[in-house]
Amino acid sequence: MKYVDEFRDGELAKIIAANIVREADPNGHARSPLHNPLVKQLANRLSPRAGKSLVIPQAGRAQRGGRSQAIESLRESQFNRIYRLMEFCGGHTHAISRYGLADLLPASVRLIHGPGCPVCVLPIGRVDQAIRLATDQGVILCTYADTLRVPASDNLTLMRAKAGGADVRMIYSTQDALKIAQAYPQRQVVFFAIGFETTTPPTAVAIKQAQAAGLKNFSILCNHVLTPAAMHAILAVEGGVALDGFIGPAHVSTVIGSQPYEVFAHDYAKPVVIAGFEPLDVMQAILMLIRQINEGRAAVENEFTRAVTREGNTKAQALVAEVFELREAFEWRGLGSVPHSALKLRAGYAEYDAELRFGCEYVAVPDHKACECAAILRGQKRPQECKIFGTVCTPENPVGSCMVSSEGACAAHYSYGRFREVTQ
Amino acid sequence: MSKPNYTRQLDFKNGRVEMSYGSGGRAMAQLIDELFARAFDNPYLAQGNDGALLPSATGRLVISTDSHVVSPLFFAGGDIGCLSVHGTINDVAMMGAMPLYLSAAFILEEGFPLADLKRIVISMAQAAREAGVPIVTGDTKVVEQGKGDGVFITTTGVGVVRDGITLSGDLAQAGDKILLSGAIGDHGMAVLSQREGLSFDAPIVSDTAALHGLVAAMLDSGACLRVLRDPTRGGLATTLNEIVRQSGVGMLLHEAAIPVHQPVEAACEFLGLDPLYVANEGKLVAICAAEDAARLLEVMRAHPQAVDAAIIGEVLEDAHGFVQMTTKLGGRRIVDWLAGEQLPRIC
Ligand code: SF4
């Protein structure tokens, strides 16, 4: 296993950050980390004199009650240009929050969290379906960990259904699900397959293995979704969010390659830079995006060359194409029904389709009234703008899906970044 | 005590725990005699009564109890046996006390191999002997197959605190320094990688150890210590959040100062876990007055159990009670309470 420290080098980060500041904020209005009162308190204690000169005038101070938006727009107005960059993937959202990258960026660079978090985009009705399979049909439902806590109808989650007697099992890989199916030949075993292009090939492998082994008690509830379709949907949202560029997916791109993003550069004139999940990858990608924007270019560039090629993993693609085909449409949380945005099993593998095997249909269910996940997943709102963020809705008691996974925008902001509002 | 006349010795090679071993009859007496008494061997246990009569001690008494359930029972660097001894000794030591005696209660599952039980008991005995803290009384119960997880062990420890020492989680003050005795996450990742059958380039070994010797050295240094805690379940992050809540303060940590062994970091990365939330069984966190921090650090580093000790942050005034951290990259984040169980991420 390779060690990761080289991609987390603080000194390198400072150099990239300095370049970002120079190129995105030539007039030098950058926020300093010292705007945090706690850090100031510390600085004052260490060196009271230096501390004084570190107090930075803050735009919008008087408007404390009006809060972040007013402050933000005042701040932004100091700049010639604002860079609104969407990081599509939850993995990036997590890295940005966990490493506090926002502190290294000038205020003219605004990161917008995208919908690339597998559990976040899962609509309530899909989780309901899984719960119904476990409770009404008595199947062993196998699922990845994050999915267990996604809120469903009737105040249920898969975790609560499990506590109520449903046979729900947390697994680490599709292979675990196959093993369970082999161990319980008299029970029906359903794998709740979710995720973007990264998780699809392992599901395809599992289906082929089940077929080869003649497993009659294994099937999947297929919720595999497609990244480029979601990016199209975001750009197509009417009156949607103004975006200047995308930080492109890491792991997803290792499978699909960089070629599928070319349409966003050509047709929508949005630069895309594919980036790895390490914090330095993200910083470097931001710098590359700023350069493209400053130069008036829109191209697909690849920061993650150590893993991503233009073609991607053609073997995996062929396998997926053999087992799966496009759904006519699929409902996403936040994006609504998006045409050709998800996969289902091909006719030749229909016997492994749990929806067909158990005749359990998808029934759409509206989100919780106060939950702003939909707007957040479209990049139109930020977590702190949700009225129940951090009060009714917390990681312990998530109301919406964005508060569940650490890759979800709300959970990431709550767990890592919420000091920013209260200390601003 | 005259040697009882048992028909046959227990079969520690192929034998298994039977219901009768917990029933109070001759079978139980035999198990106690041939296994526990022999392994733990000390004059208090040899009194052979339901309780142990102990000599009087000077100082305020500290008592702490802890139940141990761990799966797998054996892991790299230890097992449930030594863990149950170290864990309770450490809980007593974190009060600033010198641990004196332990009790141990076993809940055994019917069918559990006697060979494994013996291995665990010998490991406990060895840990207790090395620590100089005898197991002076105990109890054994057996539950039917399927109603336990092999073996559960509850240990209780008693110790004394000398005058002039008061450590408590509510004593942290703004300006204090936060010290950590060494690298975090070793125990949790050793257990988890064993449980999940993961293997890494370099093996990850649990750090399970009794820390009362280190604590004694720290107390002897004369540094103004306010809080001692061992960051076990929930890891360093949870321990610091507990102190922050109890003391009504905030904290600022420096990620670059927190030692993490590379294999642990790599394993955490692989499973999508954060070492800050992973359990330790042989580390401690100390909060002390800023002016004494350097001296305390020196004393800690001179002790074999804390050669990698570091000052990892400061206590601050903060009405919101946040534990904040400057990241390796120079940004800031909150180090929050853990929500639910720490579960691996999906992709
Ligand atoms: S804070 Fe909770 S309720 Fe609000 S948008 Fe986020 S997940 Fe939904």
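The values are calculated or read from the model by the stated rules, or taken from the named source; none is laboratory data. The shown structure was predicted, so the numbers you read here are calculated from the model rather than taken from an experiment. Because the Cβ atoms are built from the backbone with ideal geometry, glycine has one as well, and the counts that use them run over all protein chains shown. Please note that ligands, DNA and RNA were not included when accessible areas were found on the heavy atoms of the full protein model with its side chains. Shrake-Rupley method; radii C 1.70, N 1.55, O 1.52, S 1.80 Å.
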Please report the spacing between the Cα centers of region B:256-278 and region B:8-87 in Å, no decimals. 34
Along region B:262-272, Karplus-curve 3J(HN,Hα) (6.51, -1.76, 1.60; θ = phi - 60°) to the nearest Hz, with x for Gly and Pro, reads 4, x, 5, 4, 5, 5, 4, 4, 4, 8, x
GNM on chain B, C-alpha springs below 10 Å: top fluctuator among B:Thr239, B:Thr154, B:Thr166? B:Thr166
Just want to confirm a number: the relative contact order over region A:373-417, from Cα pairs under 8 angstrom separated by 6+ residues, in percent. 31
Taking amide hydrogens as modeled 1.01 Å from N in the peptide plane, which residues meet the under 5 Å criterion relative to A:Phe324, leaving out close sequence neighbours? A:Arg346
Would you check the accessible area of B:Met19, probe 1.4 Å, heavy atoms only, in square angstrom rounded to 10? 80
On full extension of the chain, what length is gained from A:Ile388 through A:Ala350, given 0.36 nm per residue of separation minus the C-alpha to C-alpha distance? 9.5 nm
Tell me which trypsin sites (Lys or Arg not before Pro) from region A:266-359 have a DSSP coil assignment and no more than 13 other beta carbons within 10 Å of their own. A:Arg297, A:Arg306, A:Arg310
How much net charge surrounds B:Val151 when only the other residues with a Cβ under 9 Å from the Cβ of B:Val151 are counted, with Lys and Arg +1 and Asp and Glu -1? -3
Using the basic label-point model (7 angstrom from Cα toward the beta carbon), what is the A:Ala163 to A:His368 distance in nanometres? 1.5
Quick check: net charge around B:His320, other residues with Cβ under 13 Å of its Cβ, Lys/Arg +1 and Asp/Glu -1? -1
Which of B:Ala237, B:Ala76, B:Ala57 fluctuates most in a GNM of chain B (C-alpha springs under 10 Å)? That residue is B:Ala57
What translational diffusion coefficient, in µm²/s and rounded to a whole number, does the Stokes-Einstein relation yield for chain B at 4 °C and a viscosity of 1.567 mPa s, taking the hydrodynamic radius as the Kirkwood radius over Cα pairs? 60
With a 1.4 Å probe and all protein chains kept in place, how do A:Val363, B:Val335, B:Val160 rank by accessible area, largest first? A:Val363, B:Val160, B:Val335
Protein accessible surface hidden between B and A, which excludes ligands and nucleic acids, total in Å², probe 1.4 Å: 4200
Put one equal scatterer on each alpha carbon of region A:303-424, apply the Debye formula with no solvent term, and list log10 I(q)/I(0) at q = 0.17, 0.23 1/Å to two decimals. -1.00, -1.18
Translational diffusion coefficient of the protein assembly as shown at 4 °C, 1.567 mPa s, Stokes-Einstein with Kirkwood Rh over Cα pairs, in µm²/s as a whole number. 45
Could you give the size of the charge dipole of region B:18-61 about its Cα centre, using +1 on the Cβ of each K and R and -1 on the Cβ of each D and E, expressed in debye and rounded to the nearest 20? 200
Thinking of region B:1-160 as a set of Cα atoms, what percent of all their pairs are more than 19 Å apart? 54
Relative contact order of region A:179-266, defined on C-alpha pairs under 8 angstrom at six or more residues apart (%): 33
Under Karplus coefficients 6.51, -1.76 and 1.60, residue-wise ³J(HN,Hα) of region A:131-142 in Hz, glycine/proline x: 5, 4, 4, 6, 8, 7, 9, x, 7, 7, 9, 9
In terms of modelled amide H atoms, which long-range or inter-chain residues lie less than 5 Å from the amide H of B:Val160? B:Val62, B:Met98, B:Leu100
Relative contact order (%) - region B:177-334, alpha-carbon pairs under 8 angstrom, separation at least six: 43
Which value, in debye to the nearest 20, describes the size of the charge dipole of region A:273-342 about its Cα centre when Lys and Arg Cβ atoms bear +1, Asp and Glu Cβ atoms bear -1, and nothing else is charged? 120
Karplus-derived 3J(HN,Hα) from phi for region A:319-333 (6.51 cos²θ - 1.76 cosθ + 1.60, θ = phi - 60°), whole Hz, x at Gly and Pro, runs 5, 4, 5, 6, 8, 10, 9, 5, 7, 3, 7, 8, 8, 9, 5
Keeping the other protein chains in place, figure out the carbon and sulfur percent of the accessible area of chain B, with a 1.4 Å probe. 51
Over the Cα atoms, compute the radius of gyration (one decimal) and Dmax (the largest Cα-Cα distance, rounded to a whole number) for region B:177-334, in Å. 15.4, 46
